[in-house]
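Scroll down for the structure; my scribbles are underneath it.
The values are calculated or read from the model by the stated rules, or taken from the named source; none is laboratory data. This is a predicted model, so every value here is computed, not measured. When we count neighbours, we look across all protein chains shown, and the Cβ atoms used for this are built from the backbone with ideal geometry, even at glycine.
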């Protein structure tokens, strides 16, 4: 009985990883084993950083809100507490957008927070 080999599937499997490794430098885009390691490591980084991205953006929004609040003699925590007391439900992403791009609207929110704090 002749020997059976699985060249077609093996070649396809290798080609899949080498295609994903295009643009990598050196052997990481040419050699199957190193390409596979690089691609799989990239998947791990991508998974981890999808989670980290949410934390990074929240920190950025808080920094922008705090900077805008300090222009109105408020701290970040005072502003958030004042808005909660005033029952203004606005998320940090929108608040940061207002602080960065719409200073007039943000100053009105700061006034609302100041009124409720006093």
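Do we have residue 58 as in contact with a helix residue (DSSP H, G or I) (Cβ under 8 Å, 6 or more places away or on another chain) and at pLDDT 95 or above here?
yes
Give me the residue from the range 3-26 that is surrounded by 10 or more Cβ atoms within 10 Å (Cβ to Cβ) and in contact with a helix residue (DSSP H, G or I) (Cβ under 7 Å, 6 or more places away or on another chain) and, out of that set, farthest from residue 43 (Cα to Cα).
This residue is 14.
In the list 90, 80, which residue meets the criterion of being surrounded by 13 or more Cβ atoms within 10 Å (Cβ to Cβ) and under 24 Å from residue 54 (Cβ atoms)?
80
So which pairs qualify, if the first residue must be in the range 95-118 and farther than 17 Å from residue 82 by Cα, the second must be in a helix (DSSP H, G or I) and modelled with pLDDT of 95 or more, the Cβ gap must be under 7 Å, and the two must be at least 6 apart or on different chains?
From residues that are farther than 17 Å from residue 82 by Cα, the pairs are 100/64.
So which residues in the range 70-101 are out of contact with any helix residue (DSSP H, G or I) (no Cβ under 7 Å at 6 or more places or on another chain), in a loop (DSSP other than H, G, I, E, B) and farther than 17 Å from residue 60 by Cβ, if there are any at all?
71, 73, 87, 89
Of these, 41, 64, 58, which one is within 30 Å of residue 11 (Cβ to Cβ) and either touching a strand residue (DSSP E or B) at 6+ places or on another chain (Cβ under 8 Å) or surrounded by 11 or more Cβ atoms within 10 Å (Cβ to Cβ) (or both)?
That would be 41, the only listed residue that is within 30 Å of residue 11 (Cβ to Cβ) and either touching a strand residue (DSSP E or B) at 6+ places or on another chain (Cβ under 8 Å) or surrounded by 11 or more Cβ atoms within 10 Å (Cβ to Cβ) (or both).
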